[in-house]
Amino acid sequence: MVRKMSSCMGPCVDMNDKYRNYSWEIRKRLNKIYRRVESVLVECNLKEWGQAETAEELLDGKFFALREGNETDDLEDIVATFPDELSAPTPAMPRPVLRNEIYGRFKAGIACFVARDSITNQLLGVIWLRDWYYPNVLPLEKRASKACAPSRLYTVPEARGKGIATALLCYTLNIAKQRGYAFAYALIRPKRIFSLRAFLKAGFAILGTVLHGSRLGCPFQVFRYGVRLASGSFPVVPVVIVSKVRHDGSTLLSMIRALGRNGVPVYLLVKGPLTYTGKTRYAHRIEQFTGDITDQELIQRLTAMLAAMGSCKQKPVMMHITENDIFNLHSIRPFLEKHFTILPMGDVGHYLEKANQLPPAVEAGFCVPQSMVLQSADELDAVCERMQFPIIVKPLARHTVGNFLEKVLIYDSPAGFVEQAKQFFDDERTKLLAQEYIPGSDQDVLLFMASCDVLGRARAYVSGHKLRQKPPGFGLMSSGVIHQDDKMEEKSIKLCELFKIGGFIGIEAKRRQGTQDLYYIETNFRPEAISPLAEIAGTNLVLDTYLAAIGEPCFACPPRPSASYMNLQLEIEAVRVSVGEGKVTWAELLKPLPGPTAYCLFAPDDPLPFFRWLVDAVRLKIMRALNFLR
């Protein structure tokens, strides 16, 4: 029952409203004691912004009108349609309090822009524009620039999905640019994914995350690299990883973690046993097989897996662990294309042979070492005649390994090369690539990793360099760091566009000692074992590759300036060899890596794969010690 005051005591007051106002005021004051909010920080450079310049262009063929709001015509409609979620994290404001707050905004001169139906004049959307209020979270070089903050963007429920929010935001940015603002920044709650999409479509880019709020009444703002999207931020489309070759290491594990941490269900159909990867908590379903599997059996198991997934609005995404998997599954490609969105996208088969990567690399601006393709033992003498030693030898493609069981080998003299290389060609599948060895240290090997759209345009990327390899001088990376190299990034982005392949792309090059020229090494068209380096730097490239495949915008942000990666098992061997050869001292090796550091198997949120590896490593050491004592 609604109780009202007697008329003799003045105007009637709704007691329910009065108690509601008191309750809200108490909760608001408690919220000021401790409040912690996580928001996505987005930026738009208005000097380079290239959206529509006039309202006429924005409204061409549209059913709504855009204009600047005012107190007389718009106050009551804004109060009536204001969504409660925009008040978060504070409690939803009672309507009288909300009306006073919006009225105060108009009186303070904060600009408001509205979208209304051209015929009925119904309010469809609202946005506010004010000066940017958190300068301390911006890079130092941008804090002095005049910046604005488009905020509290919303559209009424019946008007969503029609492009009104994006058009209203573009209209507001046009006005902001005319009023002399150089940059526009906005803080968007991760749960408001539709607002985030509208900002990205309007030309904004994600910078990272801002933690803001108050502790004991004292406000704080902290910038953090990386973005964690809320559950339900994008359509949940399963990922299927298929391999006919046994993989139980860092590459597969890094893919599962990068996707699973963000709520993507990951299904595995791989050759087992998965001793370490099988312990991860992020795989939704793991199916293993032993021995060889025929194409028909593989199709049957994939069909059963599709049935277990249930109906989806989009086709599941299929990813590969190595280029060898791309080649092995080529025979059932028509079935896969019918039921899956396959990564990588494009004519990747042509570039599986590394010799075919060299012409685009030259066009992109890389130097290319002298190279020869070897298909038989008869060509070994030609290598000795035409190439200057030392040379580096590696498989032409993953499916042409044959008897060549190493990643790469270095030969210092023709005699040793011819004698050993003959046995590689006992297997007729063997095809090798011999190249000039480029002098330089492990730290001269540069890395570039990117997620690309179907046209090969880089959506997000990171660059860095190796610290150590196993064995030193060539081989697998045991440790590496994030390091921005403008020349490497420029040439690699151009090379990605020349490949025209969508998905995860990893490029290696080496800086020649003395001349500092960049010499191209190779490109991999699948997630790298070192992709956790990009993830811990705040740029989840594996996730963005998945988002590109399902048609979502890029939610990745620029990487932090320092981060590192370590494969502990390889690092121990690399350090042992480096110290034994006198290349480094223990004092140099004990220097800590720039943080944060991602590890090959260990992850605080997924420790079981590492602990299983540790148990096996300790057991192996004990067995070797016992055998030695015997």
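Note on the range 276-292: residues that are part of a strand (DSSP E or B) and of a type in the set (D, E, K, R) amount to 2. Checking every residue in the range 381-397 against the condition of being closer than 23 Å to PHE525 by Cβ and not aliphatic (A, V, I, L, M) gives at least one match. So for the range 293-313 (the condition being in contact with a strand residue (DSSP E or B) (Cβ under 6 Å, 6 or more places away or on another chain), in a loop (DSSP other than H, G, I, E, B) and open to solvent by 20 Å² or more (accessible area, probe 1.4 Å)), does at least one residue qualify? No, the conditions are met nowhere in the range 293-313.
In the range 164-179, the residue that is surrounded by the most Cβ atoms within 10 Å (Cβ to Cβ) out of those that are within 19 Å of ALA65 (Cβ to Cβ), in contact (Cβ under 8 Å) with a residue 40 or more places away in the chain and not hydrophobic (A, V, I, L, M, F, W, C) is TYR171.
For the range 279-291, a residue qualifies if it is without any contact (Cβ under 8 Å) to a residue 24 or more places away in the chain and not aliphatic (A, V, I, L, M), and the qualifying residues are ARG285, GLU287, GLN288, PHE289, THR290, GLY291.
It is to be established whether one or more residues within the range 109-122 are in a helix (DSSP H, G or I), within 20 Å of GLY69 (Cα to Cα), among the hydrophobic types (A, V, I, L, M, F, W, C) and open to solvent by less than 40 Å² (accessible area, probe 1.4 Å). Looking for residues that are in a helix (DSSP H, G or I), within 20 Å of GLY69 (Cα to Cα), among the hydrophobic types (A, V, I, L, M, F, W, C) and open to solvent by less than 40 Å² (accessible area, probe 1.4 Å), one finds none in the range 109-122, hence no.
Within the range 341-357, residues that are closer than 21 Å to LEU306 by Cβ reach partners that are open to solvent by 30 Å² or more (accessible area, probe 1.4 Å) and aliphatic (A, V, I, L, M) with beta carbons closer than 7 Å, at six or more positions or on different chains, in the pairs MET345/VAL454.
Of a type in the set (Ser, Thr, Tyr), open to solvent by 50 Å² or more (accessible area, probe 1.4 Å) and out of contact with any strand residue (DSSP E or B) (no Cβ under 7 Å at 6 or more places or on another chain): does that describe SER441? Spell out how you get there, then give the answer.
Numbers: of a type in the set (Ser, Thr, Tyr): yes; open to solvent by 50 Å² or more (accessible area, probe 1.4 Å): yes; out of contact with any strand residue (DSSP E or B) (no Cβ under 7 Å at 6 or more places or on another chain): yes.
Yes: the conditions hold for SER441.
Of the residues screened, ALA182 is not one that is open to solvent by less than 30 Å² (accessible area, probe 1.4 Å) and either more than 30 Å from ALA537 (Cα to Cα) or under 21 Å from the mean Cα position of the chain (by Cα) (or both). Residues in the range 229-275 that are within 17 Å of the chain's Cα centre (by Cα), touching a residue at least 40 places away in the same chain (Cβ under 8 Å) and in a strand (DSSP E or B): VAL239 alone.
Within the range 568-598, being in contact with a strand residue (DSSP E or B) (Cβ under 6 Å, 6 or more places away or on another chain) and in a helix (DSSP H, G or I) holds for LEU570, GLU571, GLU573, ALA574. Within the option set HIS284, HIS330, HIS320, being surrounded by fewer than 19 Cβ atoms within 10 Å (Cβ to Cβ), in contact with a strand residue (DSSP E or B) (Cβ under 8 Å, 6 or more places away or on another chain) and either at pLDDT 90 or above or over 30 Å from PHE610 (Cα atoms) (or both) holds for one residue only, HIS284.
All of LEU601, LEU608 fail the test of being open to solvent by 40 Å² or more (accessible area, probe 1.4 Å) and either touching a residue at least 60 places away in the same chain (Cβ under 8 Å) or on the phi < 0 side of the Ramachandran plot (or both), apart from LEU608. Look at (1) loosely packed, with under 14 Cβ neighbours inside 10 Å; (2) of a type in the set (D, E, K, R); (3) over 31 Å from the mean Cα position of the chain (by Cα) and you find that LYS146 fails only one, number (3).
Of note, VAL210 does not satisfy the criterion of being open to solvent by 40 Å² or more (accessible area, probe 1.4 Å) and farther than 23 Å from ARG116 by Cα.
The values are calculated or read from the model by the stated rules, or taken from the named source; none is laboratory data. This is a predicted model, so every value here is computed, not measured. Positions of Cβ are backbone-derived with ideal geometry, glycine not excepted, and every protein chain shown enters the neighbour counts. Keep in mind that these areas ignore ligands, DNA and RNA; they rest on the heavy atoms of the full protein, side chains included. Shrake-Rupley method; radii C 1.70, N 1.55, O 1.52, S 1.80 Å.
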